[in-house]
1. Quick check on my filter: what residues within the range 136-155 are crowded, with 24+ Cβ neighbours inside 10 Å and out of contact with any Leu (no Cβ under 8 Å at 6 or more places or on another chain)?
2. Among what's in the range 109-135 and is surrounded by fewer than 19 Cβ atoms within 10 Å (Cβ to Cβ) and in contact (Cβ under 8 Å) with a residue 60 or more places away in the chain, pick the residue that is farthest from Phe3 (Cα to Cα).
3. Within the range 1-51, can you find the residues that are surrounded by 16 or more Cβ atoms within 10 Å (Cβ to Cβ), of a type in the set (S, T, N, Q) and free of Cβ contacts under 8 Å to residues at least 60 places away in the same chain?
4. For the range 57-100, enumerate the residues that are open to solvent by less than 100 Å² (accessible area, probe 1.4 Å), of a type in the set (Ser, Thr, Tyr) and either in contact (Cβ under 8 Å) with a residue 24 or more places away in the chain or in a helix (DSSP H, G or I) (or both).
5. Select from the range 12-35 the residues that are in a loop (DSSP other than H, G, I, E, B) and in contact with a helix residue (DSSP H, G or I) (Cβ under 9 Å, 6 or more places away or on another chain) and list them in ascending order.
6. Report yes if Gly61 is at pLDDT below 95 and of a type in the set (Gly, Ala, Ser), otherwise no.
7. Which ones in the range 142-165 are more than 16 Å from His235 (Cβ to Cβ), assigned to a helix (DSSP H, G or I) and without any contact (Cβ under 8 Å) to a residue 60 or more places away in the chain?
Amino acid sequence: MTFDQYASACGLSNLAEVDKVCYLAYFHLKTQATKSFSVSDASRWLTKHHFAAPNQTRLEGRLKLSRDTVRADRGFTLSHEFVRELDGRFPQLSEKSQDVFDEGTILPEPDYQGTRGYIESLAKQINASYEHNIFDGCAVLMRRLFEILLILSYRKLGIEASIQDGNGNFQMLEKIIDNAQTNTVLGLSRNSKGSVDTFRELGNFSAHKIEYTCRREYIRPHIQEYRALITELLHKSGIRT
């Protein structure tokens with residue numbers, strides 16, 4: 001069951017603010033095993049799903065008074081009665097979903113929303129893997145997305161032959177990057193020319209270096225560079241206009 005299906009089935013948009021939070025908390029409990037939540041979490045959920053940002057002090061007071069919540073060390077949990085009631089109404093949420101849930105830490109949703117399905121999927125996987133400490137997976141996915149967009153940019157400009165071998169196969173990424181850094185038709189910005197090899201190397205280390213393990217601090221300093229690179233390539237590939 002997707003979030004949109006769940007939101008439609010429970011009439012989420014028509015609920016009072018505190019009830020919206022309880023239903024969102026139940027969704028996160030079932031899909032991400034989030035057993036407790038803070039008022040800040042609730043505020044983030046509301047704004048992520050395009051509801052108005054709450055007055056957090058007022059919301060906290062209403063959550064304290066709600067019969068559907070119980071005070072916990074980390075703010076609130078849902079009452080057993082409320083969870084049982086929704087378990088009966090939404091048994092589909094106990095089934096394993098293929099949806100990827102992320103907070104947009106590396107690529108915010110507006111950067112890729114409305115592009116192409118496979119690009120949106122990769123962007124969400126990049127965010128989710130970073131947010132769940134799967135840093136090797138994140139580095140490999142970051143490499144994959146920018147390689148795809150780089151090749152699509154060459155294709156859009158009609159110059160893909162410059163990165164293909166004699167049989168029409170695309171060259172290794174290292175050679176594509178060598179070409180991209182000097183190709184005047186492609187015309188990468190100075191910052192992108194400097195960053196493409198960083199992300200190729202990060203991805204390669206995670207995929208192929210036997211005793212290497214990627215860490216958050218290897219990726220975090222380059223997040224803004226990566227976001228700028230992906231934005232530029234989305235435009236050069238014609239996916240964004």
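1. Cys138 - this is the single residue of the range 136-155 that is crowded, with 24+ Cβ neighbours inside 10 Å and out of contact with any Leu (no Cβ under 8 Å at 6 or more places or on another chain).
2. Residue satisfying both the conditions and the ranking: Asn133.
3. Scanning the range 1-51 gives Thr34, Ser36, Ser43.
4. If the condition is that a residue be open to solvent by less than 100 Å² (accessible area, probe 1.4 Å), of a type in the set (Ser, Thr, Tyr) and either in contact (Cβ under 8 Å) with a residue 24 or more places away in the chain or in a helix (DSSP H, G or I) (or both), then Ser66, Thr69, Thr77, Ser94, Ser97 are the ones that fit.
5. Leu15, Ala16, Thr34, Lys35
6. no
7. Arg144, Glu147, Glu160, Ala161, Ser162, Ile163
Conditions tested, residue by residue: (1) farther than 20 Å from Gly88 by Cβ; (2) out of contact with any Pro (no Cβ under 9 Å at 6 or more places or on another chain).
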residue: Leu12; (1), (2): no, yes
residue: Ala25; (1), (2): no, yes
residue: Leu29; (1), (2): no, yes
residue: Thr34; (1), (2): yes, yes
residue: Ala42; (1), (2): yes, no
residue: Phe51; (1), (2): yes, yes
residue: Thr57; (1), (2): yes, yes
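The values are calculated or read from the model by the stated rules, or taken from the named source; none is laboratory data. This is a predicted model, so every value here is computed, not measured. Every residue, glycine among them, receives a Cβ derived from its backbone with ideal geometry; neighbour counts consider all protein chains shown. Just so you know, the surface numbers come from the protein's heavy atoms only, side chains and all, with ligands and any DNA or RNA stripped out. Shrake-Rupley method; radii C 1.70, N 1.55, O 1.52, S 1.80 Å.
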